[in-house]
Amino acid sequence: MGIEVNGKVLETDEEGYLADLNDWEPEVATAMAKDEDVELSENHWEVINFLREYYEEYQIAPAVRVLTKAIGKKLGPDKGNSKYLYELFPYGPGKQACKYAGLPKPTGCV
Amino acid sequence: MADFEVPELEEIPVIPKYKDGAMAHSSPYIAKVQFQEPLGYPGELVENWEEKVYEKMDDLRKRYRSFQVYLDSCVKCGACTDKCHYYLGTSDPKNMPVARQDLLRKVYRRKFTFAGKYFPKLVGAVDMSKDVLDEWYSYLHPCSPCRRCSVYCPYGIDTAEISMAAREIMDSVGVGMKYCNEIIGKVYKIGNNLGLPQPALEDTLEGLEEEVEEDTGVAVKFPLDKKGADILLVTPSADFFAEPHVDGLIGYAKVFHETGANWTMSSHASEAGNFGMFIGSYENMRKVARRIREAAIDLGVKRIVFGECGHAWRVAYSFLNTLAGPWDFLDPNYPVPQHICEYTHDAIQAGKLTFDKSQNDWRTMTYHDSCNVARASRMGDKPGGQFTIPREVIKAVCNNFHDMPAETIGEATFCCGGGGGVLTDDLMELRVKGAKPRAEALKSVVNEQGVTHMAAICAICKSQFTKVLPYYGFTMDQIVSVHQLVSDAIVLTKNDSGAAAPASASDE
């Protein structure tokens, strides 16, 4: 499988997650979101960028409480909760947002 | 919302008429070579695989007497046919436990029984073929090792053991399941199913310490890799990562705080769940379990306590001694291992915890017995403790509690629909349909008793219900951790030096 971005076909796994994190560029997120009928707002980008920063430091996506706390700081306390994150990413911030950010899918009992 | 038909919940559940091949299109993603090799399995279908299937089957029937007894003793009485949540939810007759077993049994008969060798057609015996293998792959994964069928089988045949054996056979010829095998590889490489490395765990736990102190004014600690601690808590990595799991973890920490326990978690054994069991692999199950032993020795602990994790508790309660024992270095005055519900229950009995139950008055609770806790383990020192202890903990912290109908709880409990290696997005249709019996039972107490929330003590149950309850008109936050209820009601009376807590905390 793959996704076409800027004229290049980037390899993805069965579920559409990027095979190689280094292939990511912002247009990847835009293209993936378009496929799922999501229009990326600035707030979506705050989440995506935070996920990428966190991943770079810790080699894993942030736990939900780490994410909600960080987003609460950036976007205001009323948005620092998983309800808001699910509004942004209906399929779940853990999975959908990770996919757009080019991170591997969180695995396990989640 | 779904690209499949979501079943309608019935007020009085009806056994559905069967629909041939209703789920024939459904099977999990196959593990690629990079997920097979770390577990010691070939990366793709091996040459001469039919022979290898027979060899592995022969090996397993010699290693596990139960496996052969189960294959030999079925009399096709039909008692199990309407007991599997996957049959009840999908109507596919191959999801009847007896039919699931027969997929394997027909090959076993051909090779290992007199009648099957000489009169195969008379006894429905067939040779191994690619079609049979594909059918195994589709129908021997939709079994959540929940053992409900075995409760009703007059011979006690446990379909779960047959499904697990089938997965081991398939893995051994190079046809593994991506979800389970990728995860087991992460445990070997990093220490837990999620792949949370030590620095991420530390960062997450520090964040939780800040959060609890902000909420309560009390410095409740979440220690990691603390040498010389008395208690090692082994909990599913979902407890660090996901909701509502993390609220349970906060509950454990508050209980440990209030009982003055010197406890720790371990980054080496940062996973309670043991997916080796899901794929029926003794070797992998043992390798995962050994990490707990290594951490216990390294940290010098005296006790091991398991967090809320259903299949983990089965492995811990039933197999930990043979997998990773002997545990003669632990304190013999405590059960090895102990469940967090036992720990909290004991503390309640000893009068060590104070609760403000009114904090949970906005909820009316029910309790989902997780299948592997219910039917493959026990708690406490009395039969049925695995049913009474979690309920007594809930009732100690909540004023409003109602059980779901008797035929859906206790040893008759329905699986959440996501257990035993099924909790993956590629099996979402199966998961939603498999949750139907539980959703019906929940709906009955929601309608009749005004139940608002359901508690569980299994990471898989919590994630599964979070995802599938909305398909049936519930909300994702109606599933909670048992220790989340404890956390909300507990009155923190000590600061970290053991003296009385500041006044602001007791206002909580």
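Odds and ends about this structure:
- Dipole check for chain A: with +1 at the C-beta of Lys and Arg, -1 at the C-beta of Asp and Glu, and the Cα centre as origin, the magnitude is about 680 Debye.
- Listed residues B:THR475, B:PRO437, B:ASN399: farthest to the positive end of the dipole of chain B (Cβ charges): B:PRO437
- Low-density loop cleavage sites - trypsin sites (Lys or Arg not before Pro) in the stretch B:103-209, where at most 11 other Cβ are within 10 Å (DSSP): B:LYS121
- Principal-axis analysis of the Cα atoms of chain B puts helix B:178-189 at an angle of about 50° to the longest axis.
- Less than 5 angstrom separates the built amide H of B:VAL491 from those of B:THR354, B:PHE355, B:ASP356, all sequence-distant by 5 or more or on a different chain.
- Summed side-chain charge close to A:ILE60 - residues other than A:ILE60 whose Cβ falls under 13 Å, Lys, Arg +1, Asp, Glu -1: -1
- Taking a ≥ b ≥ c as the square roots of the Cα gyration tensor eigenvalues, the stretch B:33-176 comes out oblate, since a/c reaches at least 1.5 and a/b does not exceed b/c.
- Cysteines in chain B lacking a second Cys C-beta under 4.7 Å: B:CYS74, B:CYS77, B:CYS84, B:CYS143, B:CYS153, B:CYS180, B:CYS309, B:CYS341, B:CYS398
- Label-zone membership for the stretch B:73-93, site B:GLU8, 7 angstrom Cα→C-beta point, backbone N under 17 Å: B:89-91
- In this structure, the amide hydrogen of B:LEU224, modeled 1.01 Å from its nitrogen in the peptide plane, lies closer than 5 angstrom to those of B:MET265, counting only residues at least 5 positions away or on a different chain.
- Modelled FRET efficiency - R0 41 Å, B:LYS382 with A:THR30, Cβ distances, 0.05 increments: 0.10
- Estimated distance in nm for a label pair at B:ILE15 and B:GLN34, the labels positioned 7 Å out from Cα along Cα-to-Cβ: 4.8
- Between B:LYS352 and B:THR322, the simple spin-label model (points 7 angstrom out along Cα→Cβ) gives 3.2 nm.
- Residue among A:THR30, B:GLY78, B:GLY310 farthest towards the positive dipole end of the protein assembly as shown, charges placed on Cβ: B:GLY78
- Each label was represented as a point 7 Å from its Cα along the Cα-to-Cβ direction; for B:GLN449 and A:LYS8 these points are 5.8 nm apart.
- Estimated vicinal HN-Hα couplings, Hz - the stretch B:55-69 in sequence order (Karplus 6.51, -1.76, 1.60; Gly, Pro = x): 4, 5, 4, 5, 4, 5, 5, 7, 6, 10, 4, 4, 4, 5, 4
- Anisotropy class of chain B from Cα gyration tensor, a/c 1.5 cut: prolate
- Against chain A, whose longest principal axis is taken from its Cα atoms, helix A:64-75 shows a tilt of about 80°.
- Amide H contacts of B:VAL305 (H built 1.01 Å from N, under 5 Å, at least 5 apart or other chain): B:LEU232, B:LEU233, B:VAL234, B:GLN338
- Between helix B:459-468 and chain B: long-axis angle, C-alpha atoms, 0 to 90°, nearest 10: 80
We did not get these values from a lab; they are worked out from the coordinates using the rules stated. Model, not experiment: these values are computed from the prediction. Don't worry about glycine lacking a Cβ; one is built from the backbone with ideal geometry, like all the others, and counts go over all protein chains shown.
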